[in-house]
1. Using a basic spin-label model with each label point 7 Å from the Cα along Cα→Cβ, how many nm lie between Ser13 and Val30?
2. Starting with the fewest neighbours, write out His65, His177 ranked by other beta-carbon atoms found within 10 Å of each beta-carbon.
3. Assuming 1.306 mPa s and 10 °C, estimate D for the stretch 220-295 with Stokes-Einstein, Rh taken as the Kirkwood radius over Cα pairs, in µm²/s.
4. Helix hunt in the chain: which complete DSSP H runs extend at least 20 Å axially by C-alpha with mean Kyte-Doolittle at least -1.0?
5. Volume per residue, Å³, of the convex hull around the alpha-carbon atoms of the stretch 66-121?
6. Across 10 Å bins from the origin, how do the percents of Cα pairs in the stretch 1-118 run, short distances first?
7. State to the nearest 20 debye the size of the charge dipole of the chain about its Cα centre, where the only charges are +1 on K and R beta carbons and -1 on D and E beta carbons.
8. Any idea what diffusion coefficient the stretch 251-295 gets from Stokes-Einstein, in µm²/s, Kirkwood Rh on alpha carbon pairs, 10 °C, 1.306 mPa s?
Amino acid sequence: MASMRDIKRRKGSIQSTQQITKAMKLVSTVKLQRAKQRAEQSKTYFDCMYETVNSILKKTSGMQHRYLQPGASEKKAVIVITSNRGLAGGYNSNIVKLITRGELKREELEIYSIGKKGKDSLSRYGYHIAWDGSDIIEEPAYADAMQLSTKLLEEFAAGNIGEIYLAYTYFKNTVVHVPKLIKLLPVEAGMEKAEMDAEKPAQDEEKKLSIPMNFEPNDEEALDLLIPKYITSLIYGALVEAVASENGARMQAMDSATSNAEEMISNLTLQYNRARQGSITQELTEIIAGAEAIS
């Protein structure tokens, strides 16, 4: 059985750790509220952009455009969004598993990393880090997403990469964060909103698709303007949601750590009291035995 000194030392150490986890939980809670508000404010724009491009592609089946066709290269660029700091539960590891345990082959991937944790983990697994923008995740801006989008589109146009993917954590609510891997290029009519669309009558959907789509001056120039904005919007939206998910995951992790520390402190307090009671009992026994020996 551990001595009272060891128990007291361990209890003090856990109490110090608990104070840190409490502080980190409070900080994450404040950051989460700000990030959540930012994500909710921008969500309408990104949903509208997604639905617009999706609607265009559905109404113009068979259109030939370089952004709608796979590139010549077999290389695939993957934007991996994680955090620069740990202590966020499974937030970072879920994204890494999405890449390492997915269907994409390691030798074909070019990793465009945003976040040190994802970069370090994927480097250990042998993935090639083509670009590192870890500073972006600290304070994501639309200009950062535009810069990355421009770089990727140039690589796609040059034939250095054939497909572009985005791996991030979707912020559903404060406690639910879903890791996602979506294809950005070549652009396809996605099915991510299938559940929402299923609630609409089929006749209304068919009626919408029957409306003719006209382009001014032509379809190629229209897509040349629209697709880059679409890609940039998805990247920025993923950055905003990833920040909210990170702080939500860290808040949950620190809350669990604080609760576990409280339970450990309670158990150690009980052990300390038992050890103290045993020590007092032993001392009394020795005093009584000594008194009897003298008498």
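Please treat every number below as a calculation from the coordinates, not as lab data. Note that the structure is a prediction, hence the values are computed from the model and not measured. No Cβ is skipped: glycine too gets one built from the backbone with ideal geometry, and neighbour counts run over all protein chains shown.
1. Output for this residue pair reads 3.0 nm.
2. Values: His65 15, His177 24.
Going from sparsest to densest Cβ surroundings: His65, His177.
3. Details: Rh = 18.7 Å.
The Stokes-Einstein estimate is 85 µm²/s.
4. Working: long enough: 4-59 (76 Å, -0.86); 142-157 (22 Å, 0.05); 219-294 (109 Å, -0.01).
Those that pass (Cα extent of 20 Å or more, hydropathy at least -1.0) are 4-59, 142-157, 219-294.
5. Numbers: hull volume 5.0 nm³, N = 56.
Residue-normalised Cα hull volume stands at 90 Å³.
6. Taking all Cα pairs of the stretch 1-118, the binned fractions are 10, 20, 28, 22, 11, 6, 3, 1 percent.
7. Details: 38 positive and 39 negative charges, 264 e Å.
Roughly 1260 debye, rounded to the nearest 20.
8. On the way: Rh = 13.2 Å.
D, rounded to a whole number, is 120 µm²/s.
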